[in-house]
Amino acid sequence: MQKEKVIVILGQTATGKSNFAVKIAKQINGEIISADSRQIYKGLEIGSGKVTEREMKGIPHHILDFVNPKKKFTVAQYKTLADKKIKEILFKGKTPIVCGGTGFYIDAVVNNIVLPEVKPNLKLRKELEKKSAVELFKILKKLDSTRAKNIDAKNKVRLIRAIEIAQTIGKVPKIKKSPALYNFTKIGLYAPNDFLENKITKRIKKMFDKKNNGGLVNEVKKLKKSGLSDKRITELGFEYFYPLLFINKKITEHEMIERTILGNIQYAKRQMTWFKRDPEIQWINVSEPFSIEKVKKSNN
RNA sequence: GCGUCGGUGGUGGAGUGGUCAAUCACAACAGACUGUAAAUCUGUCGACUUCGGUCUACGAAGGUUCGAAUCCUUCCCGACGCA
């Protein structure tokens, strides 16, 4: 049986994925499923670069702007939801377009990864947090020597999660990459460093501009007022962390802007490190003129 | 002009006679990625290298010493103070 087609638009931040996705959606009668770990949250508008109602141009967007930022949203939830949305959109006779820059989310869906069903155990995590990476590694080795062999022995976050899983279900199951459910076409948007850095700089400056819905600093203040702890805001990433430092008078306004720009540039590089591994991505350099005809063709 | 303090790698900043190619942090480059992924973590980071080493380096030039980034002299540059 012929697998149904799903388009994936991924790539670095500030390359114009959202607009691109909307254009494609218009042409091929599609609906967009966001793959962005921050745009998920309500209240993170400016800093997450969330697509606005106007930018959507009437195209339905899913898995966007619906989680309370006090709660943590995870890949596992994303994967389940995305699968469901893809099915629904296909059922309507439309083409699903997964669009975003969170590589892990995209891979979870595309590679149909099955994650172990072990919910986070906050109490346990708090306990383990106190231990050193060396100690944690020893614990894991005892529980599950196989996982210990390939895990990053210095990464506490990973070690803790592995222990969490091993402790509840015995061993960390080998990751399952089930056969893909759909025929995915992956389009990657990227730009050369200097071009992208320029774009990011402009974008960030605009984010801080007060004329832009009060600006990012104001957005962070609102989040604080709504009851988000500083710790939680920090977890939301550099776009929220640096404004928070500024609000708390730890850095100057200038430092805040510079660091946010730098954080963004570094993030864009990390994104490429992730995406580079996938040989199936068809790359488009957005610093050069390109047409979406090519994309339409490859989808047929 | 006099005086004081300082000039160290891409940057900040340790070191103040031998164990120093120089703690550390940042930046840069490369990479990992099993329910935090805008997160988290790793490696490299003077030059050359057969990856064991070899060479050139701590403003410049001299000097003291077995040995100097570290002590002395002069010069150049910077900050501050006094004129």
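The values are calculated or read from the model by the stated rules, or taken from the named source; none is laboratory data. None of the values given here were measured: they were computed from a predicted structure. In this analysis, Cβ positions are derived from the backbone assuming ideal geometry, glycine residues included, and neighbour counts consider all displayed protein chains.
Residues in region A:80-91 that are out of contact with any helix residue (DSSP H, G or I) (no Cβ under 8 Å at 6 or more places or on another chain) and touching a residue at least 60 places away in the same chain (Cβ under 8 Å): A:L90 only.
Condition check ((1) away from RNA strand B (no atom under 11 Å from the Cβ); (2) surrounded by 13 or more Cβ atoms within 10 Å (Cβ to Cβ); (3) outside the structural domain of A:G11 (by TED's automatic domain parsing)) across all residues:
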site: A:Y242; (1), (2), (3): no, yes, no
site: A:L245; (1), (2), (3): yes, yes, no
site: A:K250; (1), (2), (3): yes, no, no
site: A:M256; (1), (2), (3): yes, yes, no
site: A:V286; (1), (2), (3): yes, yes, no
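Every condition in (1) closer than 25 Å to A:K71 by Cβ; (2) more than 8 Å from RNA strand B (Cβ to nearest atom) holds for A:K94 except the one numbered (1). Looking at region A:27-36, can you tell me whether even one residue there is more than 10 Å from RNA strand B (Cβ to nearest atom) and assigned to a helix (DSSP H, G or I)? Within region A:27-36, one or more residues are more than 10 Å from RNA strand B (Cβ to nearest atom) and assigned to a helix (DSSP H, G or I). Evaluated against (1) under 17 Å from the mean Cα position of the chain (by Cα); (2) in contact (Cβ under 8 Å) with a residue 24 or more places away in the chain, A:K71 falls short on exactly one condition, (2). Might you let me know whether region A:74-88 holds any residue that is aromatic (F, W, Y) and within 26 Å of A:T15 (Cα to Cα)? Yes, some residue in region A:74-88 is aromatic (F, W, Y) and within 26 Å of A:T15 (Cα to Cα).
Determine whether region A:54-64 contains at least one residue that is in a helix (DSSP H, G or I) and surrounded by fewer than 15 Cβ atoms within 10 Å (Cβ to Cβ). Taking every residue of region A:54-64 in turn, at least one turns out to be in a helix (DSSP H, G or I) and surrounded by fewer than 15 Cβ atoms within 10 Å (Cβ to Cβ).
Any residue in region A:113-141 that's closer than 12 Å to A:I160 by Cα: show its pairings with residues that are within 10 Å of RNA strand B (Cβ to nearest atom) and among the acidic types (D, E) at Cβ separation under 9 Å, as long as the two are six or more apart or on different chains. Close Cβ pairs satisfying both conditions: A:P120/A:E164; A:N121/A:E164; A:L124/A:E164; A:R125/A:E164; A:L128/A:E164. In region A:2-21, the qualifying residues are those that are surrounded by 24 or more Cβ atoms within 10 Å (Cβ to Cβ) and polar (S, T, N, Q), and the one that is nearest to A:D278 (Cα to Cα) is A:Q12. Condition (residue is away from RNA strand B (no atom under 13 Å from the Cβ), of a type in the set (A, V, I, L, M) and modelled with pLDDT of 95 or more) applied to region A:204-219: is it met by at least one residue? Yes, region A:204-219 contains a residue that is away from RNA strand B (no atom under 13 Å from the Cβ), of a type in the set (A, V, I, L, M) and modelled with pLDDT of 95 or more.
Checking the conditions here, which among A:F290, A:F208, A:F238 is touching a strand residue (DSSP E or B) at 6+ places or on another chain (Cβ under 9 Å) and aromatic (F, W, Y)?
None of the others qualify; the one that does is A:F290.
For region A:115-168, a tally of residues being β-branched (V, I, T) and either in the same structural domain as A:K71 (by TED's automatic domain parsing) or part of a loop (DSSP other than H, G, I, E, B) (or both) returns 2. Within region A:130-150, identify whether any single residue is surrounded by fewer than 17 Cβ atoms within 10 Å (Cβ to Cβ) and of a type in the set (D, E), and answer yes or no. Within region A:130-150, one or more residues are surrounded by fewer than 17 Cβ atoms within 10 Å (Cβ to Cβ) and of a type in the set (D, E).
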